[in-house]
Structures are given as C-alpha cells and as structure tokens.
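Colleague: The structure is given below, and queries will be raised subsequently.
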Amino acid sequence: MAQEALSGERAGAPRLGKPLGAGGSGTAEDAVHAAALLLPAGRAAGARRPSPLALAAQRPLARRLARAIGPDGLVTHVVRYRRAGWNGGAADPVRDVQWAAEEVVRRYGDVPVCLIGTGMGARAALRAAGHPAVTAVLALATWLPEPEAVLDPDPVRQLSGRRVLLVHGTNDTRTDPDLSFRLAERAKKVNRDVCRFEVHSDGHALTEHRPEVLALAADFVRGSLFGHPYARPVADALAAPPPLGLRMPLASGFGESLRY
C-alpha cells in the first residue's frame, strides 16, 4: 500500500500543455472551433512522469498543425500523462486521454476533437476514441504488444463514427507493423472511414520521411475537423476496400503541392 501511495504521489495529475494555434498567444477562446490532442509515446510499464524528450518529440507536429490549421480555429495541446507506462490492465494513458477530452470541452465548449498518438499514445488514442467529443483519430506507429495483440486484440467498436488514419513504417523493429494492419482490418469491418498508410523503408520514429508524415497528418486533421477536401491519396485510401486502403503507400514528396 505504501508503494502504491508513493506511485500515486509521483504520478500527480494529467495536464494539457501550452496551447498552440487558435486560443494561444492571447487569442480569444471563442476563436477555437476544433482541438487536436497530441499523445506522446511511452513504455510498457512505468509509474514516473513521461520523459521531457517524449513531450518534445511532439513539437514538430504541433507546430505544423498550428501553422497549417490554426487560422481555421484549431487549437493543439500536448497531453502530459500521469505516468509514462501503459501498466497492463490499468491502461493509464487511456484514462488521461479521456480526462484531456473532458478538459477540452470544459475550456472550449462543444468542439470536435482529433486524438493524435505516437507509439503507446497511438494505442491510447484508439482506445479512448469512444469519448463523445472525439470525431477523428490519427495513430502513428501504434504500439501493440505481442502476443497479446494477436491472442487478445484491442477493441475497435469505439472507433465507429470516427475518421481513423493509421500510419506505420514498414521497417519498424519496435512494434510490428502487421499488428496495426490487423487492427485496421478489424476496425474497417465496423467503420468504413478507416484507412492506413505504410511508410516504406521507414522505422518506428518515422524520421526518414518526416516531411511527408507531417503533411499527411495536417491534411487528415484539416479534412476531418473542418470539412476541407482530403488530398487525393487520403480520399482514395478511405474509399478503397481492404486491403488496398489499409496498405496505401505514402509517396515520397507527399504534401509538396499543398498550400498549407
């Protein structure tokens, strides 16, 4: 019991990072029309706060979204979990994401929310998608531990009615890209608005094609939250039947012609 109390003390409470885009830098909160919650990567187990490096890794995407979609009324927050670990059945980050969605509603009112997770954060995004404010989910290099992901797969019904995009590097050696394909395949059966992009030759961190990944993320969020037309590859992936729409290659140079 003493150890549990110590862990709880150390974990503290979840928080939202500084807003970027609409609502930031003194902008009136009534300018916020939608929110993106960025969910950092983590570990299988851990009671301490996430590493500052995990939070810092979200900044390039946060800045890209603020620059590209902030003028439309998008506010972006990085979620600071209570604990760095998933921690088995506790699924700690899922509870933190649900709290964060509630906090968005408290701050900005009834605005649509996109959950954007990386690694462990991607799994949390997919699991927390049932929150009423969530209308879209972007999962990057989703962490799904073997053999649990095969023998006892994560639920997908909470994804119904949401726009869902999964992105995975084909050379990811930390989390098997085939597991995210299997999850997307199951999700597609309950929700037609699911697609998945494969980043060929890229690893877990998706650094080899970072500009394309950032452009894909911005296009998906812009289309899903504000109703703008998706870029042709995203529209095609959403419309294509499996497995085509779940193994869509992210082309080199994607986003170069986009004006945002």
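The values are calculated or read from the model by the stated rules, or taken from the named source; none is laboratory data. None of these values were measured; they are calculated from a predicted model. Cβ coordinates were reconstructed from backbone atoms using ideal geometry, including for glycine residues, and neighbour counts include every protein chain displayed. Each accessible area value is taken on the protein alone, full model and side chains, heavy atoms only, with ligands, DNA and RNA left out. Shrake-Rupley method; radii C 1.70, N 1.55, O 1.52, S 1.80 Å.
Colleague: What percent of all Cα-Cα pairs in the stretch 113-222 falls into each 10 Å bin, going from 0 up to the bin containing the maximum distance?
Modeller: Here the calculated profile for the stretch 113-222 is 16, 52, 29, 3.
Colleague: Connecting C-alpha atoms closer than 10 Å in a GNM of the chain, tell me which of G88, G12, G245 has the biggest fluctuation.
Modeller: Comparing G88, G12, G245 in a Gaussian network model of the chain, the most mobile one is G88.
Colleague: A further question on this structure: Tell me, what is a quarter of the convex hull surface for the C-alpha atoms of the chain, in nm² with one decimal?
Modeller: Details: hull surface 53.0 nm².
Averaged projected hull area, Cα only: 13.2 nm².
Colleague: May I ask for the distance between the Cα centers of the stretch 140-160 and the stretch 203-260, given as a whole number of Å?
Modeller: Computed from Cα coordinates, the inter-centre distance equals 22 Å.
Colleague: To the nearest 20 debye, what charge dipole does the chain have about its Cα centre, counting +1 at the Cβ of each Lys and Arg and -1 at the Cβ of each Asp and Glu? Please list the in-between numbers first.
Modeller: Working: 33 positive and 26 negative charges, 79 e Å.
Using Cβ point charges on Lys, Arg, Asp and Glu, the chain gives about 380 debye.
Colleague: In nanometres, what is the gap between the two model label sites at S252 and V190, each 7 Å from Cα along Cα-to-Cβ?
Modeller: 3.9 nm
Colleague: Here's something else I'd like to know. Tell me the label-point distance for the pair R67, D236, using the 7 Å Cα-to-Cβ offset, in nm and rounded to one decimal.
Modeller: About 2.7 nm separates the two model spin labels.
Colleague: Among rounded, prolate and oblate, which fits the stretch 201-260 when a ≥ b ≥ c are the square roots of the eigenvalues of its C-alpha gyration tensor, a/c under 1.5 means rounded, and a/b larger than b/c means prolate? Walk me through the numbers on the way to the answer.
Modeller: On the way: a/c = 1.87, a/b = 1.10, b/c = 1.70.
Oblate, since a/c reaches 1.5 and b/c is not below a/b.
Colleague: Now for a separate question. Taking the convex hull of the Cα atoms, report for the stretch 54-174 its projected area averaged over all directions, in nm².
Modeller: Details: hull surface 32.6 nm².
So the mean shadow area of the Cα hull is 8.1 nm².
Colleague: Enumerate the amide H contacts of A36 below 5 Å, restricted to partners 5 or more residues apart or on another chain; note that Pro and chain-start residues carry no placed amide H.
Modeller: V75, T76, H77, C114
Colleague: Nearest-5 percent of antiparallel DSSP beta bridges in the chain?
Modeller: Values: 4 of 34 bridges.
Just about 10 percent of them are antiparallel.
Colleague: For the chain, what is the relative contact order in percent, using Cα pairs closer than 8 Å and at least 6 residues apart in sequence? Walk me through the intermediate numbers first.
Modeller: On the way: 552 pairs, mean separation 41.1, N = 260.
Answer for the chain is 16 percent.
Colleague: What full-extension length gain, to one decimal in nm, is calculated for A56 and H228 as 0.36 nm per residue of separation minus the Cα-Cα distance? Let's see the in-between values first.
Modeller: Working: separation 172, 0.36 × 172 = 61.92 nm, distance 2.89 nm.
Stretched out fully, the A56 to H228 stretch lengthens by 59.0 nm.
Colleague: For labels at D152 and R182 in the simple 7 Å Cα→Cβ model, what's the distance in nm?
Modeller: About 1.5 nm, to one decimal.
Colleague: Can you tell me the accessible area per residue over the chain, all protein chains present, probe 1.4 angstrom, in square angstrom?
Modeller: Values: 11610 Å² over 260 residues.
For the chain, the solvent-accessible area averages 45 Å² per residue.
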